[in-house]
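The values are calculated or read from the model by the stated rules, or taken from the named source; none is laboratory data. Remember, it's a predicted structure, so these values are computed and weren't measured experimentally. Because the Cβ atoms are built from the backbone with ideal geometry, glycine has one as well, and the counts that use them run over all protein chains shown. Accessible surface is based on the protein model in full, side chains and every heavy atom, while ligands, DNA and RNA are left aside. Shrake-Rupley method; radii C 1.70, N 1.55, O 1.52, S 1.80 Å.
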Amino acid sequence: MASLSVKPGQRFTMPDWQNNSLLISADAEQQRYNSHHIRQEGRALRNETGNQARWDEHNNRTRLNDRITSVDRWREVLARCLTDLDLEIDALTKVKEAAENALQAKNLCLDVAIECLTFRESRRDIDVVRDPVEEELHREVKVIEKTKKELQQRVEEAFKQLCLLKETRQQLSCDHRHKVETLELDRQCLSFNVTSGNISFKVNPTRIPDGTTALREWELNSQCNKERAETEMRASVELRGAITLTIAQTNNELDAQRIATEFALRKRMRDMEGALSELKWQEQNTLEEIAEMEEEIRQLEEHLRKRTLDLKVAHTRLETRTYRPHKELCRDQAQFGLTDEVQQLEETIRALQQKRTESQDTLDALYRQLHRIQTDIGYKTNSLQLDNKCMDTRRKLVVPVEKFDPEVDAVNRTRNLPRNSQLEL
């Protein structure tokens with residue numbers, strides 16, 4: 001008799017089947033709801049962050065434009081100050097040269113007065129009297145000397161003021177140059193966008209760099225530079241007026257101490273020659289030491305190259321022995337020896353490298369010292385040549401009066417006056 005086959009396994013009831021379907025539907029609804037909610041939140045976040053990013057970029061672009069305008073305004077102010085400073089420096093330089101020329105001219109007046117007094121010394125007997133003419137001549141000499149002293153003081157004041165003006169100009173020029181560089185950088189920042197090819201992530205871009213100043217400090221610095229420039233220019237204008245009024249008032253040394261000066265100059269030349277001999281000896285010894293050190297470095301490098309080859313051989317042997325099969329791959333004496341050899345060679349190479357570095361540093365120091373010696377030799381050779389030129393120039397002091405042609409001294413800005421007339425006086 002045939003029997004009905006029954007499929008083995010668990011049997012569920014219809015309510016279970018219906019509940020399962022309902023549960024799946026409910027889960028699907030919930031998942032779709034959650035997905036829709038997440039999508040809405042994502043869309044809102046995208047809109048919010050996109051708008052925030054665009055506004056931030058717009059605001060920062062506006063700030064950059066404002067900053068560029070502010071810096072450019074200060075740049076223009078400093079540029080005008082620089083132009084005014086250059087004009088004032090040129091004007092004060094010309095006034096200073098005029099005062100020096102006036103000081104030079106006073107020497108001729110002094111010679112004339114002295115010559116007149118010399119002529120009047122030839123008077124004889126009762127005519128050798130202190131008459132008003134002689135008193136006026138002596139008074140003239142005193143006035144000329146007083147005028148020269150005042151002129152010299154004015155020249156010194158003009159020199160100091162020129163130093164202050166140039167120092168102020170240098171500081172102002174530095175500030176102006178910094179603002180030009182800042183404008184270039186800010187304009188470059190303004191030109192950046194998302195399609196720029198040179199944008200990238202940076203390490204800690206929000207850090208505050210060392211030396212950062214506050215905006216108020218920056219403004220005060222520029223304002224102080226401008227005010228200092230204006231102050232120095234006002235002082236220079238006043239000084240030019242004073243020099244113009246007292247153009248004949250400075251003092252200049254005459255060559256009364258010619259013999260002492262020439263003696264000191266000759267002594268200085270002997271000292272310079274001795275120093276040159278010592279420096280040349282040091283230069284020769286330094287060159288020899290440099291040659292020996294270079295040879296030592298070459299030998300160290302050759303030794304280092306050989307030890308490197310030995311290390312390569314030891315490494316290759318160790319690596320090759322790692323392919324020994326099965327039990328043959330044991331830590332035998334050869335393995336220990338090769339390992340010690342590698343360690344010893346690595347230590348040797350490190351020591352050689354350190355010694356090579358020390359030798360190279362020493363060689364660099366020798367080259368620096370050689371450069372310093374050679375530079376000093378050049379300085380002293382130039383000084384000795386200048387001293388020789390000074391001695392040649394000072395020979396004009398012993399040229400006869402009828403062959404003497406007054407020349408302007410490049411240092412004292414005065415005439416080289418005849419020595420004979422002074423000796424006669």
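Using a 1.4 Å probe on the protein heavy atoms only, what accessible surface does His303 show? Give it in Å² to the nearest 10.
Spelled out: His303, probe radius 1.4 Å, area about 80 Å².
Give the calculated FRET efficiency between Val194 and Gln170 to the nearest 0.05, with a Förster radius of 45 Å applied to their Cβ-Cβ distance.
Details: r = 42 Å, r/R0 = 0.94.
Computed FRET efficiency for Val194 and Gln170: 0.60.
Once a ≥ b ≥ c are taken as the square roots of the eigenvalues of the Cα gyration tensor of segment 187-244, is the result rounded (a/c under 1.5), prolate (a/b larger than b/c) or oblate (a/b not larger than b/c)?
On the way: a/c = 5.43, a/b = 2.86, b/c = 1.90.
Prolate, since a/c reaches 1.5 and a/b exceeds b/c.
Got a sec to turn the phi values of segment 25-37 into Karplus ³J(HN,Hα) couplings, 6.51 cos²θ - 1.76 cosθ + 1.60 with θ = phi - 60°, whole Hz, x for Gly and Pro?
Along segment 25-37, the couplings run 4, 5, 4, 4, 4, 4, 5, 5, 5, 4, 4, 4, 4 Hz.
Spin-label point model (7 Å from Cα, Cβ direction): what's the Gln374 to Gln344 distance in nm?
Spacing of the two 7 Å Cα→Cβ label points: 4.5 nm.
Taking 0.36 nm per intervening residue step and subtracting the Cα-Cα distance, what contour gain separates Ser35 from Lys149 on full extension?
Working: separation 114, 0.36 × 114 = 41.04 nm, distance 9.82 nm.
Taking Ser35 through Lys149 to full extension adds about 31.2 nm, to one decimal.
Among Lys306/Lys355; Lys202/Lys355; Lys146/Lys166; Lys312/Lys355; Lys148/Lys226, which pairs are too far apart, with a Cα-Cα distance over 27 Å? Don't jump to the answer; show the numbers that get you there.
Numbers: Lys306/Lys355 16 Å; Lys202/Lys355 38 Å; Lys146/Lys166 30 Å; Lys312/Lys355 21 Å; Lys148/Lys226 36 Å.
Check vs 27 Å cut-off fails for Lys202/Lys355; Lys146/Lys166; Lys148/Lys226.
For the modelled label position 7 Å from the Cα of Arg61 along Cα-to-Cβ, which residues of segment 173-195 have backbone nitrogen atoms closer than 12 Å?
Label zone hits: 190-195.
Does segment 270-334 come out rounded, prolate or oblate, given a ≥ b ≥ c as the square roots of the eigenvalues of its C-alpha gyration tensor, rounded meaning a/c under 1.5 and, failing that, prolate meaning a/b above b/c? Mind showing how you got there, number by number?
Working: a/c = 10.37, a/b = 7.41, b/c = 1.40.
Prolate is the answer for segment 270-334, as a/c is 1.5 or above and a/b outweighs b/c.
Quick check: residue separation of Asn19 and Glu319 times 0.36 nm, minus the Cα distance between them. What number comes out in nm? Don't skip to the end; give the middle numbers.
Values: separation 300, 0.36 × 300 = 108.00 nm, distance 6.89 nm.
This chain segment gains 101.1 nm when fully extended.
So for the pair Ser70, Glu48, with labels modelled 7 Å out along Cα→Cβ, what separation do we get in nm?
3.2
Express in Å², to the nearest 10, the accessible area of Leu309 obtained by rolling a 1.4 Å probe over the protein heavy atoms while all chains stay in place.
Roughly 80 Å² of Leu309 is accessible to a 1.4 Å probe.
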